[in-house]
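See structure below.
Derivation of every value follows stated rules applied to the coordinates shown; laboratory data play no part. Bear in mind that the values here come from a model prediction, so they are computed numbers and not experimental data. Positions of Cβ are backbone-derived with ideal geometry, glycine not excepted, and every protein chain shown enters the neighbour counts.
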2 protein chains.
Amino acid sequence: MDVAIVGGTGNEGSGLGLRLAGAGHRVTIGSREAAKAAASVAAARERLGDDAPIDGAENPDAVVGRPIVIVTVPFAGQVATYAQIRDRLEPGTVVVDATSPLQTAIGGRPWHALRPWQGSAAELAASLVPDGVRVVGAFHTVAAAALAALDRPVDEDVLVCGDDDDAKRLVGALVDDVPGMRWVDCGPLEVARITEQLTPLLVSINRRYRIKESGFRITGRDAWGAPA
Amino acid sequence: MDVAIVGGTGNEGSGLGLRLAGAGHRVTIGSREAAKAAASVAAARERLGDDAPIDGAENPDAVVGRPIVIVTVPFAGQVATYAQIRDRLEPGTVVVDATSPLQTAIGGRPWHALRPWQGSAAELAASLVPDGVRVVGAFHTVAAAALAALDRPVDEDVLVCGDDDDAKRLVGALVDDVPGMRWVDCGPLEVARITEQLTPLLVSINRRYRIKESGFRITGRDAWGAPA
């Protein structure tokens with residue numbers, strides 16, 4: 001699949017880029033600056049090999065014609081980022097918003113959360129994209145360090161929410177291509193009000209135990225993925 | 001240990017009672033009505049044997065002299081319950097609040113949450129108990145069905161938060177006595193603002209997959225329990 005990762009030079013975005021390009025998807029790393037994107041692509045190729053299917057572009061160019069656009073930017077930059085890309089998003093595009101509304105956006109702590117007016121950053125994202133673009137919330141809880149450790153599987157489940165079942169399945173197919181990761185359908189987009197709050201919870205756990213990559217597995221069913 | 005379970009006739013409370021009495025702790029099931037408590041105790045003895053260390057009492061009597069008091073009541077009854085027991089709680093008592101502020105309290109849905117004025121039901125509880133009583137938030141995400149299935153271990157971690165490390169360790173020791181369960185120190189009591197919101201998330205997942213006992217495991221560390 002062709003996947004753009006907007007804000008793809010950050011820890012979370014570049015980790016996802018490594019994993020998805022490593023699985024054979026054609027990844028475009030988007031950044032505010034082309035030079036930053038190019039540096040990130042060079043670093044990824046160093047790890048994956050020179051022929052890895054990964055390229056870079058400025059954010060607005062990165063998303064053109066991509067059926068899946070993953071947005072991994074800090075909350076403070078979310079609105080400006082969507083303003084940059086919204087005109088390039090075609091109806092049907094699946095936008096995966098991974099924004100966690102941390103209080104760092106206002107100079108606070110990453111173990112404290114903010115509450116966006118729309119209820120969640122994902123619902124805020126949905127208010128910023130053209131009609132017909134399908135917003136899915138996912139990847140908030142996946143530790144960047146776990147994504148970057150290519151020598152081992154990712155021991156985490158991805159909590160996915162959204163109002164369009166097909167869009168969730170498409171994102172789920174990407175998740176399934178990363179060794180170890182499974183996806184769990186958590187319900188409609190408004191459930192992002194909860195899943196986005198799990199990032200500060202994991203930050204609090206990391207802080208308490210002095211570790212870097214706590215994450216979630218969901219129990220109670222042998223397999224997850226698409227509900228029957 | 002001597003443990004009172006206030007609201008212990010509900011699904012969550014009686015499941016905890018079964019597991020803790022089964023592990024050899026002396027459990028007192030508290031209820032608004034002595035007859036209900038007695039019926040719950042009889043049902044527990046039917047499963048655990050007649051000599052199981054489990055008794056019943058009205059809520060205010062159940063907590064007297066107990067070093068650990070677990071409160072498992074619906075959000076709608078939380079304030080009234082604390083009003084019933086608060087005069088019987090001695091300084092040093094560990095009160096484990098398991099209240100999830102679900103919108104069912106106002107006739108709404110269990111996959112929607114309310115936000116208490118204090119930030120969380122656990123912080124609301126802390127405002128209702130005498131000085132010196134140590135409030136810990138825990139057990140919100142543990143499925144009642146998993147607790148009641150005594151023939152198998154509980155495949156879930158317990159998210160524990162609170163401002164007193166010793167109190168968390170005491171609760172953690174109870175958790176460790178239930179086969180399969182581990183406890184994760186999530187930080188100060190205010191983190192209950194997040195952990196309590198995980199109940200509606202699990203309800204949403206259960207609903208989506210038509211199951212009854214989704215739960216959490218935390219990854220990123222081989223062992224949990226007390227941080228070093």
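For the reader, a short list of remarks on this structure follows.
- Selection count where residues are within 12 Å of another protein chain (Cβ to nearest Cβ) and within 16 Å of A:Asp97 (Cα to Cα), scope the stretch A:164-183: 3
- Residue, nearest to A:Val79 (Cα to Cα), within the stretch A:13-59, restricted to residues that are out of contact with any strand residue (DSSP E or B) (no Cβ under 9 Å at 6 or more places or on another chain) and charged (D, E, K, R): A:Arg19
- Whichever residue in the stretch B:110-128 is hydrophobic (A, V, I, L, M, F, W, C) and part of a helix (DSSP H, G or I) and, among such residues, is surrounded by the fewest Cβ atoms within 10 Å (Cβ to Cβ): B:Leu124
- Of the residues making up the stretch B:184-207, just one is buried (at least 24 other Cβ atoms within 10 Å of the Cβ), more than 7 Å from chain A (Cβ to nearest Cβ) and more than 15 Å from B:Asp97 (Cα to Cα), namely B:Leu202.
- Top-ranked residue of the stretch B:208-228 - restricted to ones that are closer than 19 Å to A:Val191 by Cα and more than 7 Å from every other protein chain (Cβ to nearest Cβ), ranked as surrounded by the most Cβ atoms within 10 Å (Cβ to Cβ): B:Lys212
- Candidates B:Gly24, B:Gly7, B:Gly65: the one that is under 25 Å from B:Leu114 (Cα atoms) and not β-branched (Val, Ile, Thr) is B:Gly7.
- Residue in the stretch A:162-177 that is within 18 Å of B:Ile194 (Cα to Cα) and surrounded by 20 or more Cβ atoms within 10 Å (Cβ to Cβ) present: no
- Within the stretch A:153-163, being more than 14 Å from the chain's Cα centre (by Cα) and more than 12 Å from every other protein chain (Cβ to nearest Cβ) holds for one residue alone: A:Asp163.
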